[in-house]
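Notes for the one structure printed next.
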Amino acid sequence: MASEADKGAEEVQKALIDDDEDIVNPWDVVSSSAKGVDYSKLIKRFGSTEIDKELMDRMVKLTGKPTHHFLRRGIFFSHRDMHQILDLVEKKKGFYLYTGRGPSSESMHLGHLIPFIFTKWLQDTFDVPLVIQMTDDEKFLWKDLTIEETNKLAHENAKDIIACGFDKDKTFIFSDVEYISESTEFYKMMCKIQKLVTFNQVKGIFGFTDSDSIGKISFPAIQATPSFSSAFPQIFNGKKDVPCLIPCAIDQDPYFRMTRDVAPRLGLLKPALLHSTFFPALQGAHGKMSASDPNSSIFLTDSDEQIKTKINKYAFSGGKPTEEEHRKYGGNCDIDVSYQYLTFFMEDDDKLADIKSRYSSGKMLTGELKQELTNVLQKLVGEHRERRLNVTDDIVNEYMKSRKLKFEY
């Protein structure tokens with residue numbers, strides 16, 4: 001019988017090559033449509049499940065807290081086994097969160113912030129432990145950077161993550177380069193996963209070729225390992241059956257399809273997932289932001305002036321060429337990047353709906369819409385910059401120290 005990974009490999013390979021126009025994989029996201037990736041197609045192709053009203057209502061009922069706007073607006077739009085996580089909550093049983101960051105630049109950009117904003121909400125809402133993997137080894141393997149440089153970037157990026165407000169007593173941030181060398185249990189789990197995944201499978205899932213280094217080919221097992229609580233004996237007291245929930249962008253799903261296939265053969269629980277859409281580049285939703293292209297991104301270290309300049313100069317507009325035409329026909333919010341960014345960062349539903357109505361009808365001009373976004377992002381990034389300034393190297397080391405968290409197991 002075909003495994004979950006085998007069944008998905010052919011479909012993922014299609015997505016790696018040509019997702020009927022969209023290219024979606026852990027390294028590239030490109031859409032030929034100005035509206036961006038067709039996520040309903042992606043759900044079918046990857047075999048995940050849409051986050052529907054029933055699931056959101058159940059979360060509200062169990063937590064007594066309002067739905068996050070990322071869920072209401074379909075920014076987190078797809079899941080695997082989230083109902084099973086809620087079953088645990090219903091029975092007063094725990095789980096833990098796992099997410100990560102590949103450190104390839106000194107500062108993170110707005111797109112990198114999305115999973116961390118949502119993960120913090122999940123941690124606060126469900127009061128659970130969180131592990132954050134910094135894949136400095138991955139970036140060394142894929143980028144033209146030394147391993148010393150990527151390890152340094154992991155510590156710098158950790159400052160941005162800590163500035164999101166994660167509770168130190170509930171959060172463990174770790175660098176692969178550092179933690180794997182000191183954790184016997186993590187390394188043992190990594191080896192067990194490597195033994196169960198064939199070269200044929202990773203070629204099918206990730207599109208590796210004969211010219212890829214063996215480091216790249218073996219890396220997926222490293223990203224899979226934090227999905228299992230036995231990799232963190234200091235946190236879970238050696239327990240192997242603590243369920244894991246992974247919030248991540250949908251392009252990371254191939255890693256965890258492989259993980260979910262391996263889990264039963266290890267006698268372990270499959271991780272559950274919550275998938276987000278991609279944060280569009282300033283130039284439009286054809287692709288996701290890139291840390292290597294400063295003009296495609298707004299970085300969390302950008303000044304107010306840089307934010308204003310980037311939005312005015314590079315943010316793709318859904319407005320009409322002239323004011324007269326725009327007043328007559330209105331703008332297209334489906335392709336306008338300034339409006340798309342507001343759906344991520346303007347929490348007020350009524351205000352967002354009013355902006356959409358006025359821009360679509362032509363009452364609001366592109367310049368006015370860009371000013372609304374500038375105000376929102378200058379405040380958001382400015383507050384983040386201030387918090388980041390207070391995160392010292394010593395504070396980073398506290399979060400990255402292997403230790404017991406405040407939970408009892």
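The values are calculated or read from the model by the stated rules, or taken from the named source; none is laboratory data. It should be emphasised that the depicted structure is a prediction, and the values quoted were computed from it without experimental measurement. All Cβ positions, glycine included, derive from the backbone under ideal geometry; neighbour counts span all protein chains shown. Ligands, DNA and RNA are excluded from the accessible area calculation, which covers all protein heavy atoms including side chains. Shrake-Rupley method; radii C 1.70, N 1.55, O 1.52, S 1.80 Å.
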Using the charge dipole of region 35-279 (Lys, Arg: +1 at Cβ; Asp, Glu: -1 at Cβ; taken about the Cα centre), state which of Ala224, Leu196, Gly267 has its Cα farthest towards the positive end. Gly267
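Express the carbon and sulfur contribution to the solvent-accessible surface of region 209-293 as a percent, rounded to the nearest whole number, probe 1.4 angstrom. Provide the component values of the computation, followed by the final result.
Values: 1400 of 2620 Å².
After summing per-atom areas, the C and S share lands at 53 percent.
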In whole Å, what is the distance between the alpha-carbon centres of region 50-123 and region 349-409? 17 Å
Peptide ranges 82-94, 242-254, 162-174 listed from the most packed, as the mean C-beta count within 10 angstrom indicates: 242-254, 162-174, 82-94
Averaging sequence separations of C-alpha pairs under 8 Å and six or more residues apart, then dividing by the length of the chain, give the relative contact order as a whole percent. 21 percent
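Counting Lys and Arg as +1 and Asp and Glu as -1, each charge on the Cβ, what is the dipole of region 50-184 about the Cα centre in debye, to the nearest 20? Present the calculation step by step, with values, prior to reporting the outcome.
Numbers: 18 positive and 23 negative charges, 159 e Å.
The dipole of region 50-184 has a size of about 760 debye.
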Label model pair Gln234, Ser357: point-to-point distance (7 angstrom along the Cα→beta-carbon line) in nm is 5.4 nm
Given a cut-off of 27 Å, name the pairs among Lys44/Lys195; Lys313/Lys356; Lys92/Lys159; Lys313/Lys379 whose C-alpha atoms lie farther apart than that in the structure shown. Lys44/Lys195; Lys92/Lys159
Quick P(r) readout (region 100-204; Cα-Cα; 10 Å bins; whole %) gives 14, 38, 35, 13, 0
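First obtain the Kirkwood hydrodynamic radius of region 304-390 from its Cα pairs, then insert it into the Stokes-Einstein equation at 25 °C and 0.890 mPa s, and state the resulting D in µm² per second as a whole number.
Working: Rh = 13.4 Å.
Taking Rh from Cα pairs, D becomes 184 µm²/s.
How much mean residue ellipticity at 222 nm does the chain get from its helices, if each DSSP H run of length 4 or more adds -39500 (n - 2.57) and you divide by all residues, to the nearest 500 deg cm²/dmol?
Numbers: 20 runs with 211 residues, N = 409.
Helix contribution divided over all residues of the chain: -15500 deg cm²/dmol.
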Longer than 29 Å from Cα to Cα, which of Lys41/Lys168; Lys91/Lys170; Lys53/Lys239; Lys170/Lys239 are they? Say none if no pair is. Lys41/Lys168; Lys53/Lys239
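What does the charge count near Thr49 come to, summing +1 for each Lys or Arg and -1 for each Asp or Glu among other residues with Cβ under 9 Å from its Cβ? The partial results should precede the final answer.
Details: positive: Arg80; negative: Glu50, Asp52, Asp81.
Computed value for this residue: -2.
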Sort 112-119, 177-184 by the packing proxy (mean of other Cβ within 10 Å over each peptide's residues), most packed first. 112-119, 177-184
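Suppose every K and R has +1 on its Cβ and every D and E has -1 on its Cβ; what is the size of the dipole of the chain about the Cα centre, in Debye to the nearest 20? It would help to have the intermediate numbers written out before the result.
Working: 55 positive and 63 negative charges, 209 e Å.
Roughly 1000 debye for the chain.
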Could you tell me which residue out of Leu377, Thr343, Ser361 lies farthest along the dipole of region 304-390 toward its positive end? Charges go on the beta carbon: Lys and Arg +1, Asp and Glu -1, centred on the Cα centre. Leu377
When P(r) over Cα pairs in 20 Å bins from 0, in percent is calculated directly from the model, which label among [x] 26, 60, 14, 0; [y] 23, 50, 22, 3, 1; [z] 27, 53, 19, 1 fits? [x]
Surface per residue (accessible, 1.4 Å probe) for the chain, Å²: 44 Å²
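How many Å³ per residue does the convex hull of the Cα positions in region 35-279 occupy?
Looking at region 35-279, the number lands at 135 Å³ per residue.
Mind ranking 191-202, 259-270 by how tightly packed they are, going by the mean number of other C-beta atoms within 10 angstrom, highest first?
Details: 191-202: 16.2, 259-270: 19.0.
In decreasing order of mean packing, 191-202, 259-270 become 259-270, 191-202.
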Given charges at beta-carbon only (K, R positive; D, E negative), |dipole| of region 163-223 in Debye: 260 debye
